[in-house]
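Data first, discussion second: the structure below is written as structure tokens.
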Amino acid sequence: MENNLVSVIILSYKNLQYLKETIDSVLSQTYSDIEIILGDDGTEQFDTKFYEQYINTNCKNNVKKVIAYKNPVNLGIVKNANKAIKMSRGEYIKFIASDDTFYSDDVLLKMINYLNENDAYVLTSNILLCDSNMKKLDEADFKIKDYQNLLPIGQNPHEFFKLLCVRDMIAAPSVMFNKDLFDKYGYFNEKYKLVEDWPMWLKISRSGCKIHYLDIISVKYRSEVGVSSARTPNPIFIKDIIRCYEDEILPHKSELGYWLHKKIKWKYIRTYRLSQYNVIKKLIVRLINIDVILANRIKRLMIHEKN
């Protein structure tokens, strides 16, 4: 393994109209030792030789190796990500989707410096929310406000696990890994197909791994495209989220405590299960959770009066 080599893994599936822009943002990075792995997950029009040639023609001498491959069948994000990790030679791993770009030319440098100085396994940051034309949205940058405001809790992985059970506050495109993390905690869980990130954050924080935070914007993120887009929710993505609740969160009542566990369980039922119940079952479930329902309504009233 080369010292301080970073493997930038570009995962693509369709959306090839954005891919050159993504590649260019990698090629513009000032960091000294970069390996580029471009892994397409079965896009019919993807031409491996074309993109290899494009990268080799336009790269600088800081790009030490280029690997491009196309899966003969669609594996899903999780298996494709694990495949690319196993191919990589870098000490660090940075994923970027084929419809996103790095925010600035020094992102890799800043994140690797932090990982080195703090002996960290995983580092998250902020992203800039953009439309399909990469124009900044009104929401501006996605900042991990809970992490910043609750920094003492963020320093404790087991307490941070509780925050992550309430909401996945970590934007996957903003994360960089020390490759040793995968040796210690395992790869992304392949019982999921499209959601690689939330189950991993829950697993490692529950196991005592601190997720570090650097207050920079690292990625411009096209929030209106891709499997997690709110405009076009992918049913497989939703199925993965449901499984994450059922397998990674709800079984951990002892870690969460009675009240937090009940609140999260009601949120899960209300969002993903309640519409499937008949009238009688809906009534029973609401009665069982009346304390949580009332607490939520009181909280909303207090916020409304405050505003």
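No lab work stands behind these numbers, since they all come straight from the coordinates. Values in this document were obtained by computation on a predicted structure and should not be read as measured data. Cβ sites come from the backbone with ideal geometry, for glycine too, and all protein chains shown count toward neighbours.
Numbers below:
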| item | result |
| --- | --- |
| Whole-Å semi-axes of the stretch 1-90's equivalent ellipsoid (Cα gyration tensor) | 21, 16, 10 |
| Unit charges on C-beta of K, R, D, E only; dipole of the stretch 1-58, Debye | 120 debye |
| Two-decimal ratio, the stretch 238-306, of alpha-carbon radius of gyration to 2.2 N^0.38 Å | 1.23 |
| Inter-centroid distance (Cα atoms) of the stretch 253-267 relative to the stretch 193-211, Å | 18 Å |
| Part-to-part distance (alpha-carbon centres) for the stretch 99-128 and the stretch 52-78, which is given in Å | 21 Å |
| Nonlocal amide H pairs with Gly90, under 5 Å, H built at 1.01 Å | Ser7 |
| Dipole magnitude (debye, nearest 20) for the stretch 154-265, charges at Cβ of Lys, Arg, Asp, Glu | 300 debye |
| Residue order, fewest to most surrounding Cβ atoms within 10 angstrom, among Ser207, Ser7 | Ser207, Ser7 |
| Cβ charges +1 (Lys, Arg) and -1 (Asp, Glu), total dipole of the stretch 238-306, debye | 340 debye |
| Mean ellipticity per residue at 222 nm, deg cm²/dmol - from DSSP H runs of n ≥ 4 across the chain, formula -39500 (n - 2.57) | -12000 deg cm²/dmol |
| Antiparallel bridge percentage (DSSP; both residues within the chain; nearest 5) | 25 percent |
| The stretch 6-226: proportion of alpha-carbon pairs further apart than 32 angstrom, % | 13 percent |
